[in-house]
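Quick note: the coordinates plus some simple rules give every number you see, no bench work behind them. In this text the structure is predicted, and so the values were computed from the model without any measurement. Positions of Cβ are generated from backbone atoms using ideal geometry, with glycine treated the same way; all protein chains shown enter the neighbour counts.
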Amino acid sequence: MNPAVTFEQVSLTYAGEPAPALRAVDLAIEEGELALVVGRTGSGKSTLLGAVNGSVPHFTGGTLAGRVTVCGRDTRTHRPRDLADLVGVVGQDPVAGFVTDTVEEELAYGMEQLALPAAVMRKRVEETLDLLGIADLRSRPLAQLSGGQQQRVAIGSVLTTHPRVLVLDEPTSALDPTGAEEVLAAITRLVHDLGVTVVLAEHRIERVVQYADVIVHVAPSGLVTSGLPAVVMATSDVAPPIVELGRYAGWSPLPLSVRDARRVAGPLRDALPPVPIPHDRAVVNARAPVPMPHDRAVVSARAPHLSPPPNRAAGNGGDRPSALRARAVVVRHGDLVAVAAVSLDLYAGEVTALMGRNGAGKSSLMWALQGTGTRASGSVSVRGGAVGSGAVGSGADVDPATLSPAQRRRLVGLVPQSASDLLYLDTVREECAQADRESSAAPGTCAAHLDTLAPGIPPGRHPRDLSEGQRLALVLAIQLTADPPTVLLDEPTRGLDYAAKAALAGALTDLAAAGRTVLLSTHDVEFVATVAGRVIVMAEGDVVADGPTADVVVSSPAFAPQVAKILAPLPYLTVRDVRHAHPPVGGS
Amino acid sequence: MVPALPRALHPVAWWLWAIGLAVAASLTANPLLLALILAVVTVVVVNRRTTSPWARAFRLYVVLGAFVVLSRLVLHLLVGLKVGEHRLFWLPSLTLPAWAAGINLGGTVYLEGLLGAGIQGLRLATMIVCIGAANALANPKRLLRALPGSLQEVGTAVVVSVTVAPQLAESVGRVLRARHLRGQNAGGLRSVRQVALPVLQDTLDRSLALAAAMDSRGYGRRVSEPSQSRRRGWAAPGASFAGLIGASIGLYGLLSADTPALLGAPLLALGLVLAVVGLRLGGRGVRRSTYRPDPWVTPEWLTAAAGLVVLAATLVESRLDPAAMSQQVLPLGWPSLPWPAVTGILLAALPGYLTPEPPR
């Protein structure tokens, strides 16, 4: 069989860079395969994907040595537009690639450029609408679609030209679990039913790895290895929880789907104690020992005899004084009610995760809690000056919305979804110095925070040249410089690889251990399982579930982390829980 | 008559209509005619606009028009040449020294001067509103599809700017909000930098992403081998360039009342033909097709004709009776209502009733 995509000794060096982004890559992706490209952030995954259709280097610049061919066409002599009938490309942000206004026009755009006859176009648009299950959206404006729908339209818009190869850069990273399922179902259908070759990069490997035929691993040095998923994952520097669990338990061959893992996990389940042993995270809550009357109904179907481990103690805090108290908060955007009368309490020393579909009102709630966002009605009060020197209101309850922005951020710090909006200076050093000045903190405070969060960032580096994780750490450090007792983070895990997420989890746990209140919104259940003691689920602007992570997350089919699915009915959420309870060889 | 199915009219038809009205407005200084043009444009827009964001922008154009009239009046009060005999009121005056051209600030304001300034402002405002009407009635992106293939690079730039411009407003709002999170609410020059840098970076990223997406989806693709298309010769750009220059001179000749007639319409026609030939030659390799092409049938002919009729009526009027096309200011007189121009303008309201309704 002829490979659909071949790389022969390909090296790529961007102008002005000392080292190549890709180094002597030899790769052949066979027709009809789903190739999953994995690697650390900034390791050259996007470069590899871009090289498939020639937009690297034709569009981005850089020097390419070696030879890339797609179905026999050399990208050296064929520009991306000359490969448009062979390769369909969907970028990281589908909205950024939309050229027209409505779903139907977008599906037709590529075919118009290839000068297909009108009759063919009409037929293919209908077929593609059905194939991806978006027929009811046909005349909707693209801007009004949900994230999952936009991603499917973007895939559909390149499918109409009947490409042989589909290149997808992180198709599910911005999506909620349900939206991701929709998109992945569509992709696997293309591979299985139509024989399309798919080359796909993804940070959330756990979502895709079970569908992959081959894994291409890009190392930070630019070296590329490829092979069968179970083989490559055994040694990869990025590993989803299922792989970590498999490596820990010594399963071989490595199972990659929950189903396969459950079939070999019997002995492990038997060896584990029925309840995870609390580990160091318990320290966080041990400072505020709390009785846990689960007075409020929690969406939970867990067996009642399994009392939740004390380290996940959370929620409904009994007599604990709350650090932030919101009552009947309503946020409206025009006619749309984004947050519908939400009441909640956040407690010091606790990491709380806010989950829910795209558009469920998570961001609006966070902005309203911080006080900068608009609030149509309801009240928010924050205990003033609970932590550190930045005392405002000295212990009394304050509504942050009534304060000036500068005072507000000393009570509640918010790291927004597009964190880089806060950065405007040329070097990390200047940003830190500016942060010290604007919070009237001692010089070096911000730099010290940054060094704890992400050690080893060169201070002369431009903030734009940092990795996603480093940039997030910088913005978090800037916000921490004001020493707010409460820290809110909106989707901090976007675009982070496993190592960066682990670093962030450690940082957040430390913040909580220091007595701060942390609320973060995310779609990443695995991250929630690692870091959060309590989960709040929102839908349509309402809080639909609020309780300890183990209770809320394990019972939900969409939100359960992989380890919980594999070890059910045992209430283990993370590999760390397992490792702590079950010393590997010769233990228990 | 059987009511036609709702559909969007061909965008070029609306643009021809609007350009006809805008040029007509530029030819007249008669406030009655200008008001009539404004009324006709508004009626048609209200009857035939779609629900797209572009259509909602019509209000912005009206506000911009009002601002133009207002600022023209304010400028007249400040530095305008105050002439006339009907004294209105008196402003404290100041004569600038000779090195500043000896301009008079303030002074006595006369009705005649103020009226003249207001009419000039109204003329500009009417032209702006006409263009706004074209934007509200015809989706600019659909218009871009009619762009010839040889203008590929220009086309990319225009599509990118048309798409990214509305997003610019959104990212300005986002960054302004984000500034509050850093506790900054001061204005001044420094804040410009704080807002502009993240916004520009964001916009640039989006523009590049869109251009890359258009490229990878085959925009501007040529049928011939890429190596052949590199040497295209000078025929195509030469013809387009000469044609456009000819058309510009012709247009000037047509609109200015005191140039030889030969410089007008014939030169314009010749220029346009040359330009079209040039663009055709240049776009030979590019082949595109259109999904659900907008048909060009009776309503389109009617709409385009309505625009041309207005233009013709005002052109004829300004050649035959230039005085009727403007308001007599010195000495003050009542504006006249020349019937050919009035009829022409009223005919331009027909597309608002006779074209198919836009899809909802």
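A Förster distance of 60 Å, applied to the separation of the beta-carbon atoms of B:Ile103 and B:Ile249, puts the FRET efficiency at 0.95. Between B:Leu332 and B:Val162, the simple label model (points 7 Å from Cα in the Cβ direction) yields a spacing of 4.7 nm.
Assuming charge only on the beta carbon of Lys and Arg (+1) and of Asp and Glu (-1), the dipole of chain B about its Cα centre is about 1600 debye to the nearest 20. Overall form of chain B: oblate. Here a/c, set by the Cα gyration tensor axes a ≥ b ≥ c, is 1.5 or more, and a/b is not larger than b/c. Counted as membrane-span-like here are DSSP H helices of chain B whose alpha-carbon atoms extend 27 Å or more along the helix's own axis and whose Kyte-Doolittle mean is -0.5 or above; these are B:58-79, B:111-137, B:152-181, B:189-216, B:235-255, B:298-320. Among A:Tyr572, A:Tyr424, the ranking by other beta carbons within 10 Å of each residue's beta carbon, starting with the fewest, stands as A:Tyr424, A:Tyr572. Angle between the Cα long axis of helix A:147-159 and the longest principal axis of chain A, 0 to 90 degrees, nearest 10? For helix A:147-159, the angle is close to 10 degrees. Spin-label model, A:Ser139/A:Tyr14: points 7 Å from Cα along the beta carbon direction are separated by 4.4 nm. Exposure proxy shown here: for A:Ser157, A:Ser46, the number of other Cβ atoms within 10 Å sets the order, fewest to most, as A:Ser46, A:Ser157. Under the shape rule built on the C-alpha gyration tensor, where the axes satisfy a ≥ b ≥ c, region B:233-284 is prolate, since a/c reaches at least 1.5 and a/b is greater than b/c. Residues of region B:279-316 falling in the label zone of B:Ala242, defined by backbone nitrogen less than 18 Å from a point 7 Å along Cα to beta-carbon, are B:279-283.
Set the bar at 26 Å for Cα to Cα. Now go through A:Lys45/B:Lys141; A:Lys362/A:Lys501; A:Lys123/B:Lys141 and name every pair that lies beyond it. Where the Cα-Cα span goes over 26 Å, the pairs concerned are A:Lys45/B:Lys141. Figure legend: label point modelled 7 angstrom from the Cα of A:Ala219 along Cα→Cβ; residues of region A:232-259 with amide N under 11 Å from it are A:237. For region A:17-32, putting each phi into the Karplus relation 6.51 cos²θ - 1.76 cosθ + 1.60 with θ = phi - 60° gives couplings of 9, x, 10, x, 7, 10, 10, 6, 7, 10, 7, 9, 10, 6, 4, x Hz, in residue order, rounded to whole numbers and with x for Gly and Pro. Shape of chain A from its Cα gyration tensor (a ≥ b ≥ c, root eigenvalues): rounded if a/c is under 1.5, otherwise prolate when a/b > b/c, or oblate? Since a/c reaches 1.5 and a/b is larger than b/c, the shape of chain A is classed as prolate. For B:Ser336, what charge total do you get from the other residues with a beta carbon under 12 Å from its beta carbon, if Lys and Arg give +1 and Asp and Glu give -1? Charge balance near B:Ser336 sits at -2. Between A:Asp542 and A:Ala340, the built amide H atoms are under 5 Å apart, and every one of these is 5 or more places off in sequence or on another chain.
So, R0 is 22 Å and r is the distance between the beta-carbons of B:Val277 and B:Val297; what FRET efficiency does that work out to, to 0.05? With a Förster radius of 22 Å, E is 0.25.
The label point for A:Glu181 and the one for A:Arg327, both projected 7 Å from the Cα toward the Cβ, are 3.8 nm apart. For the pair A:Val264 and A:Ala65, a Förster radius of 45 Å applied to the C-beta separation gives a FRET efficiency near 0.55, rounded to the nearest 0.05. Between B:Leu105 and B:Leu94, B:Thr95, B:Leu96, the built amide H atoms are under 5 Å apart, and every one of these is 5 or more places off in sequence or on another chain.
Shown for A:Cys71, A:Cys432: other C-beta atoms within 10 Å of each C-beta, ranked fewest to most, produce the order A:Cys71, A:Cys432.
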